[in-house]
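These notes concern the structure reproduced below.
The values are calculated or read from the model by the stated rules, or taken from the named source; none is laboratory data. Predicted, not measured: the structure shown is a model, and the values here were computed from it. Ideal geometry is used to build each Cβ from the backbone, glycine not excepted, and the neighbour counts take in all protein chains shown. Calculation scope for accessible area: heavy atoms of the full protein, side chains included, ligands and nucleic acids excluded. Shrake-Rupley method; radii C 1.70, N 1.55, O 1.52, S 1.80 Å.
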Amino acid sequence: MKAILELLNAFTNFTTVLASIGMILATSSFISGLQMVKGKGRVERKIHRGNGFIAFGIFGILAISSFATYGLSLWSVGGWITGALVIACKLLIVHSRSRRAFKYVSWLGATLITMWLYLVYIHIPL
Amino acid sequence: MAKAFWTTALVLASSLLWTDASRAAIIHVPEDFKSIQQAIEMAAPGDEIVVKEGVYRENLLIQKPLVLKSVAGASSTLIQAADESRPSIKIDKAVNATVTGFSATGSLVAGVLTSGASNVTITGCQFTDNGSGMVMHGTSNSTLTDNISNSNAQYGLYMEKSDNNRVERNTASLNRDKGFFISNSDGNRVVANNVNLNSWDGIMVYASTGNIITGNKTLRNTYGIVISESNGNEVSENTTIPNLFLILPIFLIYLGVVSYLLQKSLLKALYKERG
């Protein structure tokens, strides 16, 4: 009961809700991405793209919100830029359509999931 | 008969006078004195100084037992250090001094510094953007409760050679070194504080014995609670990683999988209809 109350209490914070939605979308996008690699059809592609783009938008909003709340520090700017670079790198590889590069896409997807886990972690209210 | 009457009258008058003299005066700032420091200097031991809301640009020095309190609380009564090389509030060798409901900022040394004092009470205050929030040097039997000490350049609370103090229900977050640094101090009770998001340790106990550290929250510091070169300290029931940190990510991944399956079913149904 206490755990459920704690869980519900976490969602009273706007950035926690945003990060959580981002995590859910990133997970959906990751699973559909893995299915795409296996050669599944256009449904997977639509889910992958749709969820991925919304998650990227949420990433941007969270970054702006962080700068507005805590200001610009080297670590903070560096962290958000690194996150954006991982996303950009993944997009580049997908769009390159090179078979060799494609080997690393699932690793990048896993990195993105880890990044979202960290984003959820830092947005859990204390 | 007349002699008895005059004797009684004399006793009554003297007892009234005695009561008047021993009763603490209440001094109002800025009505009675423009600055808080003037009021402190003119106050007799045991007096109460009541301060209206506003920004007071001064460095306070308290060296006698008195009560300094604000009318409107810490959110609207600010002590801005006039000289940044001195603490915003300094309680020096005073016994039974009380500070309640002030904010203190702008000192490179400390928001409040107690030195060689005892039985000091600091409660309901906010110390932000100072060198350290609260500093205790050689202070004993004192109480720090319900204070906020955030975003200071070094420590939220620095305790050095200070024994038998109570530190309860304070918040020390986003300090750029440690939340609480307890050094060479014995027999203190550090209970139910929130010490989160500090750049280095949440609570550091160094070369100290017999302290009780219990029921504190120390989240998202580099290290939660560090005990170094110390023995005989009681560390119990502190929270460093709450259950939520584990439950929420698992719950969200589960929702992500469910969301994928739902979207897939919906889109498949949609394309079937069209096809």
Would you confirm whether any residue within segment A:59-67 is within 12 Å of the chain's Cα centre (by Cα) and within 14 Å of another protein chain (Cβ to nearest Cβ)? no
Could you check B:Leu68 against (1) open to solvent by less than 20 Å² (accessible area, probe 1.4 Å); (2) at positive phi and say which number it fails? (2)
For residues that are of a type in the set (Ser, Thr, Tyr) and within 14 Å of another protein chain (Cβ to nearest Cβ), scanning just segment B:212-255, find the one that is least open to solvent (accessible area, probe 1.4 Å). B:Thr218
Go through segment A:5-20 and give me each residue that's open to solvent by 30 Å² or more (accessible area, probe 1.4 Å) and either within 9 Å of chain B (Cβ to nearest Cβ) or not in a helix (DSSP H, G or I) (or both). A:Glu6, A:Asn9, A:Phe11, A:Thr12, A:Asn13
Tell me, yes or no, whether segment A:9-16 has at least one residue that is under 19 Å from A:Ile87 (Cα atoms) and among the polar types (S, T, N, Q). no
Among the residues in segment B:178-188, are any at negative phi and either open to solvent by 70 Å² or more (accessible area, probe 1.4 Å) or part of a helix (DSSP H, G or I) (or both)? no
So, A:Phe53, is that one closer than 21 Å to A:Ala110 by Cβ, aromatic (Phe, Trp, Tyr) and assigned to a helix (DSSP H, G or I) or not? yes
Subset of segment A:89-126 (residues that are open to solvent by less than 40 Å² (accessible area, probe 1.4 Å), away from chain B (no Cβ under 14 Å) and at pLDDT 85 or above): A:Lys90, A:Leu108
So in segment A:37-47, with the set limited to residues that are open to solvent by 60 Å² or more (accessible area, probe 1.4 Å) and in a helix (DSSP H, G or I), which one is farthest from the other protein chains (Cβ to nearest Cβ)? A:Val37
Scanning for something within 14 Å of chain A (Cβ to nearest Cβ), part of a strand (DSSP E or B) and touching a Lys or Arg at 6+ places or on another chain (Cβ under 7 Å), does segment B:200-211 turn up at least one residue? no
May I ask you to verify whether B:Gly111 is in the same structural domain as B:Thr239 (by TED's automatic domain parsing), among the small types (Gly, Ala, Ser) and more than 12 Å from the chain's Cα centre (by Cα)? no
Search result, residues across segment A:68-105 that are touching a residue at least 40 places away in the same chain (Cβ under 8 Å) and within 23 Å of A:Gly57 (Cβ to Cβ): A:Val105
Of all residues in segment B:75-102, which are without any contact (Cβ under 8 Å) to a residue 24 or more places away in the chain and open to solvent by 70 Å² or more (accessible area, probe 1.4 Å)? none
